[in-house]
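The values are calculated or read from the model by the stated rules, or taken from the named source; none is laboratory data. Note that the structure is a prediction, hence the values are computed from the model and not measured. Every residue, glycine among them, receives a Cβ derived from its backbone with ideal geometry; neighbour counts consider all protein chains shown. Please note that ligands, DNA and RNA were not included when accessible areas were found on the heavy atoms of the full protein model with its side chains. Shrake-Rupley method; radii C 1.70, N 1.55, O 1.52, S 1.80 Å.
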Amino acid sequence: MVVCPKGHASEATDYCDECGVRLDGAGSGRDSGAGSGAGSAASEPAGERPGGAAVCPECGTGLAGRFCEECGADSLAPPASIPPASAPPASGPPTSPLPSSAPPGPAPATPAPGWGDLAAPAEERASGTWWVSVTADRAYFDRMQSLDGPDAADVDFPAFVPERRFPLGPRQLLIGRRSRSRGIYPDIDLTGPPEDAAVSATHALLVPQPDGTWAIIDLRSTNRTYLNGSADPIEAERPVPLPDGATVNVGAWTRLTLHAGPPA
């Protein structure tokens, strides 16, 4: 009589008489069936699905390349030192930890958890005196590549990136990549083409200030947010003022530049 990994007694020594699970060895199941089952689960490599398929270390989505298509996580980067954001309350609408200058009105259909109104309807984002240009930054790309070692060669700098411009209206704007599965539609959508896959779906937030200027908040993005060519990322969930001409780097190669006054 042997004990299968699920704890069933079996007279057969090849397959369990009760549940049919394969018995790898009669001796391993005699003392503790639960221990045998735990050992087989522990032997599965971390970061892989059964069968060897790679998965994202941050969100568990299947990986088709180096960067996760869902959250933008870099599968080759070391674990982030910042702990994950706490989950929103189980009941009731999420509350924003920051004061919002948004006028009263209906809440958006798809806000990101814990940050209130992150995606204002297009008709409510009237063009103001500030705007953002989005381009590719070769110097930032090269610096990030040097930090990741030889495996960074798997990520290419895009051959051509047309400049994109986004007006900044009276409400806060979400920077990220569109995710239909999660219901996220950023105001400044960096989905592409070309697409910077290292940008998180909810990467950062541009927030208007009482004096008419702007600040940026990193929303605990996987690959962080950098200002004005600094090698150190900004602190997550803390507003950082952005003067006219300030540059913001996100993802693997994306640069956003803040401009005061109407576009030329």
- Which value, in Å², gives the accessible area per residue of segment 150-264 when a 1.4 Å probe is used on the protein heavy atoms? 43
- Item | Label point distance in nm, R164-D232, each placed 7 Å from Cα along Cα→Cβ | 3.1
- Note on the structure: In order over segment 193-198: 3J(HN,Hα) from phi, Karplus 6.51/-1.76/1.60, θ = phi - 60°, whole Hz, x for each Gly or Pro, gives x, x, 9, 8, 5, 8
- Item | Cut-off under 5 Å, modelled amide H: who pairs with A54 long-range | R49, L63
- Provide the packing ranking of 165-176, 182-193, i.e. peptides ordered by the mean count of other C-beta atoms within 10 Å per residue, highest first. 165-176, 182-193
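Given a Förster distance of 25 angstrom, what is the FRET efficiency for A54 paired with L147, based on the Cβ-Cβ distance and rounded to 0.05?
Details: r = 21 Å, r/R0 = 0.86.
FRET efficiency, A54 to L147: 0.70.
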- Item | Of all accessible heavy-atom area on segment 179-264, the percent that carbon and sulfur account for (1.4 Å) | 50
- Message: With the crude spin-label approximation of a point 7 Å out along Cα→Cβ, what separation in nm comes out for R138 versus T61?
- Response: 3.0
